[in-house]
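Step one of this worksheet: look at the structure below.
The values are calculated or read from the model by the stated rules, or taken from the named source; none is laboratory data. The model shown is predicted, which means the values in this text are computed figures rather than measured ones. We place every Cβ from the backbone using ideal geometry, glycine too, and count neighbours over all the protein chains shown.
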Amino acid sequence: MELQQLRYFSSVAKHRNFTRAAEECRVSQPALSIQIKKLETELGGPLFHRQGRTIVLTNVGKQLEGKAESLLRLHQSTLDEMRDAVVSGGEAHFGATLTIAPYLIPYVVSHANQADIPPFTMQENFTEGLLGSILDGSLDFALMSTPVEEPRLLVKVIAREPFVLVVPKGHALAKKRRVLAADVRREPFLPLSQIHCAGRQINEFIQDTDTRPKASFESAQIDTILKLVNSGQGVSLLPKMSVLGSLSEGLCYREISDAKIGRDISMVHHPDRYLSDSVRQLMKLLEKCINGFVKER
């Protein structure tokens with residue numbers, strides 16, 4: 001049994017398609033099929049049932065799938081650890097959701113000592129995409145709002161970010177010292193799309209508190225919502241970091257004083273992933289910056 005064979009098998013198991021697996025592994029489909037056949041011969045039975053265009057794992061294939069993933073992760077982690085021992089540092093690979101990354105990273109760059117920021121690449125994606133990239137080894141870790149349902153990963157809550165009510169500066173609610181959840185019910189509301197975790201969490205708050213404002217326009221783009229608020233089209237509840245990172249002169253925000261509405265921001269990584277000194281340095285820096293950001297007024 002060779003690592004290459006396990007990689008090919010794991011790719012076919014993931015895609016349930018030999019053609020896509022061959023493309024991912026950058027080999028011809030016949031070459032991939034030959035290696036899968038050799039692995040099946042060594043194990044003494046088929047790993048896949050081929051039902052027309054549909055590929056289904058056999059019982060042996062199902063047992064091998066988890067073990068192959070663990071072995072491949074261990075192999076990659078060992079390589080990373082050894083390379084890190086030879087070359088101190090290295091580049092960190094992390095991801096963040098679309099309601100965190102555009103606002104946090106400029107804050108980190110402008111507030112942190114440049115010498116303290118290790119080289120990194122960042123992937124912006126939805127939660128599901130980031131979880132997949134952690135599981136396939138593309139990312140060292142990711143920042144996202146939690147809870148998430150993925151028992152194979154480690155989740156560490158690092159900050160609590162409130163959702164704040166965004167209104168035009170001349171709005172009646174901007175003049176109130178205490179804004180209540182009931183105040184939102186009376187206003188045209190611009191909800192963040194539930195394609196985002198933050199949008200789903202805000203919707204849950206609205207349902208749980210029976211706030212139920214009249215939604216006038218929904219958008220997946222926070223910048224679009226802020227521009228609509230600025231033009232007097234309504235008010236919105238948004239994550240505080242996104243508001244602080246994009247607030248224009250014509251807008252202000254208020255926290256809801258009679259309700260604790262917000263989200264937990266967590267660092268998520270695979271327990272088998274080797275985390276280099278550079279990665280750990282970046283994780284520590286991001287945690288510090290996030291907590292500093294959400295406490296700003």
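Okay, here's what the table says:
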{"item": "Subset of region 188-206 [farther than 16 Å from Lys260 by Cβ and surrounded by fewer than 19 Cβ atoms within 10 Å (Cβ to Cβ)]", "result": "Pro188, Ser193, Gln194, Ile195, Arg200, Asn203"}
{"item": "Pair list, Cβ < 8 Å and 6+ apart or interchain, from region 247-266 residues that are under 18 Å from Gly234 (Cβ atoms) to residues that are charged (D, E, K, R) and not in a strand (DSSP E or B)", "result": "Gly250/Lys169; Leu251/Lys169; Cys252/Lys169; Tyr253/Lys240; Arg254/Lys176"}
{"item": "Hits in region 155-170 - residues which are surrounded by 15 or more Cβ atoms within 10 Å (Cβ to Cβ) and out of contact with any helix residue (DSSP H, G or I) (no Cβ under 7 Å at 6 or more places or on another chain)", "result": "Val155"}
{"item": "Residue satisfying condition, being among the β-branched types (Val, Ile, Thr) and either under 17 Å from the mean Cα position of the chain (by Cα) or over 20 Å from Asp264 (Cα atoms) (or both), within set Ile158, Ile202", "result": "Ile158"}
{"item": "Qualifying residue in region 5-20 (condition: of a type in the set (D, E, K, R), over 19 Å from Lys67 (Cβ atoms), at pLDDT 90 or above and within 33 Å of the chain's Cα centre (by Cα))", "result": "yes"}
{"item": "Test: residue in region 271-293 that is farther than 30 Å from Asp80 by Cα and out of contact with any strand residue (DSSP E or B) (no Cβ under 9 Å at 6 or more places or on another chain)", "result": "yes"}
{"item": "First in region 276-291 and under 12 Å from Phe141 (Cβ atoms), second anywhere and of a type in the set (A, V, I, L, M) and assigned to a helix (DSSP H, G or I), Cβ under 7 Å, 6 or more apart", "result": "Leu286/Val108"}
{"item": "Count of region 39-57 residues which are over 15 Å from Ser10 (Cβ atoms) and either of a type in the set (Phe, Trp, Tyr) or in contact (Cβ under 8 Å) with a residue 12 or more places away in the chain (or both)", "result": "5"}
{"item": "Region 118-148, residues that are more than 20 Å from Ser11 (Cβ to Cβ) and in a loop (DSSP other than H, G, I, E, B)", "result": "Pro118, Pro119, Phe126, Asp140, Pro147, Val148"}
{"item": "Search result, residues across region 257-297 that are modelled with pLDDT of 90 or more, charged (D, E, K, R) and assigned to a helix (DSSP H, G or I)", "result": "Arg280, Lys284, Glu287, Lys288"}
{"item": "When residues of region 51-85 are limited to those that are of a type outside the set (Gly, Ala, Ser) and in contact with a strand residue (DSSP E or B) (Cβ under 8 Å, 6 or more places away or on another chain), the one nearest to Gly137 (Cα to Cα)", "result": "Glu65"}
{"item": "Pair list, Cβ under 6 Å, 6 or more apart: region 91-106 residue on the phi > 0 side of the Ramachandran plot, other residue surrounded by fewer than 24 Cβ atoms within 10 Å (Cβ to Cβ) and part of a loop (DSSP other than H, G, I, E, B)", "result": "none"}
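Listed here are the residues, each with its yes/no results for (1) within 30 Å of Asp140 (Cα to Cα); (2) of a type in the set (Gly, Ala, Ser); (3) touching a helix residue (DSSP H, G or I) at 6+ places or on another chain (Cβ under 9 Å); (4) surrounded by 15 or more Cβ atoms within 10 Å (Cβ to Cβ).
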residue	(1), (2), (3), (4)
Lys227	no, no, no, yes
Asn230	no, no, no, yes
Gly245	yes, yes, yes, yes
Asp264	yes, no, no, yes
His270	yes, no, yes, yes
